Structures are given as structure tokens and as C-alpha cells.
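Single-structure report; data block below.
The values are calculated or read from the model by the stated rules, or taken from the named source; none is laboratory data. Just so we're clear, the structure is a prediction, and the values are computed from it rather than from any experiment. As a convention, Cβ positions derive from the backbone with ideal geometry for all residues, glycine included, and neighbour counts pool all protein chains shown.
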Amino acid sequence: MSQSPILITGGAQRLGRHCAERLLDDGHPVIVTYRRERDTLTALRERGAITLSADFASEAGIHDFIARLRDTTSSLRAVIHNAGEWLSDPEPSAAGETLERLFRVHMQAPYLINLNVRDLLEACQEPQCDIVHITDNIVRHGVARGAAGQAAYAATKAGLESLTRSFAVQFAPRIQVNAIAPGLVMLNGDEGLAGDSERRVPGPGVVYQTLRYLLDNDFVTGTIVAVDGGRHLD
């Protein structure tokens with residue numbers, strides 16, 4: 001098993017936490033970022049995960065994180081860009097601030113981190129190293145009809161898909177760059193499906209299975225993998 005850690009941004013809760021736990025189960029060293037302290041971080045630390053606070057909502061915060069990451073490790077096996085925010089479009093007076101925040105978290109942070117840790121990935125002694133962007137199926141499902149009420153969110157996630165393809169070309173052949181575009185795989189607490197009783201919510205394991213496939217396959221790059229149960233066909 002690789003001794004170079006796998007970095008997961010936004011790894012303190014939900015999908016990021018699940019992937020961190022599963023990677024630890026599989027014997028991988030893990031570094032997770034978090035925006036604020038949570039009880040779940042204690043369990044990850046007890047299992048050996050390194051945790052780094054990070055504020056990706058400002059360029060200064062992104063560069064501060066990169067500097068502390070470089071002080072923490074001399075190599076990386078993979079980077080999984082999971083950090084994100086779900087913000088609906090606000091009133092016009094706050095729209096610019098919302099778009100800027102989503103741009104920084106969903107696009108600027110992955111962009112700057114990828115550029116600044118390329119050498120850490122290339123320093124990994126494993127034959128394969130990866131970058132995986134977690135995007136959103138709203139980008140693909142909304143192609144024909146748009147994403148009413150989530151225009152800024154969908155646009156920045158679409159931008160992350162574009163970065164996937166560009167970095168795949170730029171970092172080839174040493175680093176593989178792919179994206180996973182999940183549909184609705186988890187609910188928030190007691191959230192229901194708003195009358196869509198036939199729709200399956202499989203849980204985060206299906207995303208980890210896809211991540212595992214990408215981490216284990218050395219012949220896939222520049223690909224966006226939809227994990228939505230065929231929802232993009234509706």
C-alpha cells in the first residue's frame with residue numbers, strides 16, 4: 001500500500017468523511033481538510049488521519065492551506081477535491097458575493113491546489129497518481145433545461161468539469177485527472193424525496209466504488225463519471 005497520503009478536501013462530513021473512512025479501511029494514509037471543528041474529526045484522528053483546517057472561500061486562505069500541506073507531507077498519492085457548498089441563487093443584491101464564493105470553493109481552490117501540488121504527486125513512488133474532482137450531476141442533467149435557482153452553483157461545478165479535462169491534458173502522462181458527478185446519493189437528515197417515492201437514494205458507497213475504480217485503473221483520464229442511477233437520461 002502506498003505510503004504517500006491521499007488528500008481529501010472537505011473530509012469531515014458526509015461524502016468526504018465516508019471516503020476518508022473507507023480509504024483508511026483499505027490501508028491508505030489520509031489527509032482531510034475541514035472548515036470548522038466537528039466531533040467526527042476526533043474519530044478520524046484516532047484512526048491516524050491528518051486533519052488540516054482550510055478556508056477555501058478566499059485566495060489567501062487557499063494559499064495558506066497549500067503552504068501548511070507542503071509542511072505536512074513531501075508527496076501525495078492522490079488529491080480528491082470534495083470540498084463544496086450548496087448555495088441557491090440569492091436576491092440580486094447578494095448575487096455577486098454568492099457567485100464569487102462558489103467560484104473560489106469549486107474552481108479557484110482546485111485550480112491553485114492542483115498547480116501547487118503537482119510536484120508532490122509526481123514525487124509519489126507509486127506508478128499511478130491521481131486527481132479526482134467531485135462535481136455534480138446537476139451540470140449534466142441540467143444541460144437541456146438549465147438549473148433554475150442554482151445558476152451560480154451549476155456554473156461553477158461546470159467549470160470544475162472543464163478544469164478536469166484541461167488538467168488531464170496538462171498533467172499527462174504522470175498524473176491522471178478525472179471527475180465523479182454524483183446525483184442524489186445522500187439525504188440531509190429527515191429530508192424526503194418530495195413525492196418521488198420510486199427514486200432510489202443509494203448512499204455514499206456508490207461514489208466510493210467509483211473513486212476506487214479511478215484510483216485502481218491506470219488507463220483512465222479526462223473522464224467525467226456520472227453516478228446518478230441513469231438520472232441524466234430523463
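Here are the numbers for the structure shown:
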quantity: Single residue of the range 25-43 satisfying the filter (among the hydrophobic types (A, V, I, L, M, F, W, C) and closer than 17 Å to THR72 by Cα) that is surrounded by the fewest Cβ atoms within 10 Å (Cβ to Cβ); calculated: ILE31
quantity: 1 or more residues buried (at least 16 other Cβ atoms within 10 Å of the Cβ), at pLDDT below 95 and over 15 Å from the mean Cα position of the chain (by Cα): qualifying helices (runs of 4 or more DSSP H) within the range 124-232; calculated: 138-141, 151-171
quantity: Residue in the range 4-60 that is modelled with the lowest pLDDT, counting only those that are under 13 Å from LEU211 (Cβ atoms) and in a loop (DSSP other than H, G, I, E, B); calculated: GLY11
quantity: Considering residues of the range 67-117 that are over 18 Å from ALA154 (Cβ atoms), in contact (Cβ under 8 Å) with a residue 12 or more places away in the chain and outside any helix (DSSP H, G or I) only, the residue farthest from the chain's Cα centre (by Cα); calculated: SER74
quantity: Qualifying residue in the range 91-100 (condition: among the hydrophobic types (A, V, I, L, M, F, W, C) and closer than 27 Å to ASP218 by Cα); calculated: no
